[in-house]
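A short worksheet on the structure shown next.
What follows draws every value from the coordinates through simple rules; no lab data is involved. This structure is a prediction, so every number in the text was calculated from the model and none was measured. In this analysis, Cβ positions are derived from the backbone assuming ideal geometry, glycine residues included, and neighbour counts consider all displayed protein chains.
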Amino acid sequence: MKIFLNKRIPEIGIELLNHPNIELIFPDKEELTHEEWLGYCKQSDALLSVGKSKFNEEFFEECPNIKAIALFSVGYDHVDIDAATKHGVAITNTPDVLSNATSDTSFLLMQMVARYAFFNLNKVRNGEWSSNFNPIANLGQELKGKTLGILGLGRIGYEMAKKCIGAFDMPIIYHNRNRHPEIEKELNAKYVSFDELLEQSDVITIHANYTAKDQHKFNKEAFNKMKSSAILVNTARGGFVNEEDLYSALKNGDIFGAGLDVTEKEPLAKNSKLNTLDNICIFPHIGSATVEARSGMARVAAENIVAFVEGKKLPTIVNLSVFDN
C-alpha cells in the first residue's frame, strides 16, 4: 500500500513503517502548496499526517482512494469526522503519549505568569535591570494553596492536577461534559458549573477537546466573571479564547495574566497586540515538543498505519463506527 508521510517524523516511526507491504511516499521538498499536497494524497491509500491540513467533505470526495488517516496529534478538530465516517475513512490520533509533556508546559506557563518571568527575563536581556530597588514593583503571586480550575479533566488535565497538588497543594475544581467520580475521589476534586469555575478559580487551565461550539468560550463575559487575580492558561486550542477580549482583560486588569501555548492563528502575528503586554507569556505551540513525547507520537501514528495495512484493529481509532458502514 502507498502511504503518504508529509513531514519527517522521529526515527522510531520511520522504522515501524519499514514494512514489506508499505510503499512510503515522501514529498520532494519541505513545504508543499495545497495543490502539491493534494497530488500526493490522490496517489496514496492512507496518510500519516503531520500538521493541521483540513480533512473535510471536499477532500474525501477528491481522494476516494484514501481509507485511513493517522494524525500526528491528539486533537482532531481539523477533521470532519462525520464526513470521514460517511466515506469509510478511519481516523486515528495519538492520545496518552504527550499528556506529561503538555501538562509540563501548562505547569511552566502558570509559574511564568505568576512571577512575571517572561517580562523580567526581557528586562535583563534589554539591560533594564535597575539597581534602584522598588519593593512594590512588578510583584507576582505565590501559588501555594490557590484553587486550580480545570476545563477538561482528561489525561492532560489529570496530569496537570497531580503536578499542582504535589508542588503547591492546590485544591482542584473542574468542569467537564461528563463527571469523573473516581478521579474526584483520587484528587479530592470538585465538579462545578462553568460559571462557578470562572468565579472560584485562581488559575484556570484549558485541556478540553475543542469543537466549533467552544469557539471564544473565554470572552469578555467570561473574563468579567473571573477574579482580578486569576491566571488563564491555554495549551489546548487557540479557538477557546477571544484574543481581542483577552487583550482588553489583561490591559484593564480584569485578570492578572495569561499563559498561551496556542493562539487562534498560528504563528501569531509579530504585531499582535498581545505581544505588547507584560502580563502574558506566549509559547509557539511547543506542548508536545520533547524527545519522549514526539517519539511516542511517531510510534503510535505508525502503529495505526501498520495495523491498517495488515487489516487489524487500529489502536487509537477515533471513529470506530466507520466499520459499521
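Based on Cα contacts under 8 Å between residues 6+ apart, the range 194-268 shows a relative contact order of 34 percent. Where the centre of each part is set by its Cα atoms, how far does the range 204-228 sit from the range 152-171, in angstrom? A separation of 19 Å, based on Cα centres. Within the listed set D104, D195, D45, the Gaussian network model of the chain (springs between alpha-carbon atoms below 10 Å) gives the highest mean-square fluctuation for D195.
Rounded to whole numbers, the Karplus 3J(HN,Hα) couplings from phi for the range 290-298 are 10, 4, 5, 5, 5, 5, x, 5, 4 Hz, using 6.51 cos²θ - 1.76 cosθ + 1.60 with θ = phi - 60°, and x at Gly and Pro. Build a GNM of the chain with springs between Cα atoms under 10 Å apart, and of V97, V233, V89 the one that fluctuates most is V89. In the chain, the longest principal axis of the Cα atoms and the axis of helix 99-114 are about 20 degrees apart.
Taking chymotrypsin sites (Phe, Trp or Tyr not before Pro) in DSSP loop states with no more than 16 other Cβ atoms inside 10 Å as exposed sites, the chain has its longest site-free stretch at 134-325. Within the shell defined by Cβ-Cβ distances under 10 Å, the residues around T147 carry a net charge of +2, with Lys and Arg each +1 and Asp and Glu each -1.
Note on the chain: the C-alpha convex hull projects to 18.7 nm² when averaged across all orientations.
For the range 41-188, the average shadow cast by the Cα convex hull is 13.3 nm², which is a quarter of the hull's surface.
Proximity of backbone amide H atoms, modeled 1.01 Å from N, is registered between I282 and L260 at under 5 Å, excluding neighbours fewer than 5 places apart on the same chain. Less than 5 angstrom separates the built amide H of K190 from those of I172, I173, Y174, all sequence-distant by 5 or more or on a different chain. Note on D195/Q43: beta-carbon distance plugged into 1/(1 + (r/R0)^6) with R0 of 30 Å gives a FRET efficiency of 0.05. Remark on the range 99-282: ratio of C-alpha radius of gyration to 2.2 N^0.38 Å is 1.01. Summing +1 for each Lys or Arg and -1 for each Asp or Glu among the other residues whose beta-carbon sits under 11 angstrom from that of E243 gives -1. Loop-located GluC sites (Glu not before Pro) in the range 83-192 (DSSP state not H, G, I, E or B) with no more than 14 neighbouring Cβ atoms inside 10 Å: E128, E142. Whole-Hz Karplus values for the range 238-243 come out as x, x, 4, 10, 7, 6 Hz, taken residue by residue from phi with 6.51 cos²θ - 1.76 cosθ + 1.60 and θ = phi - 60°; glycine and proline positions read x.
Charge dipole (Cα centre; +1 on Lys/Arg Cβ, -1 on Asp/Glu Cβ; no other charges) of the range 99-282 amounts to roughly 140 debye.
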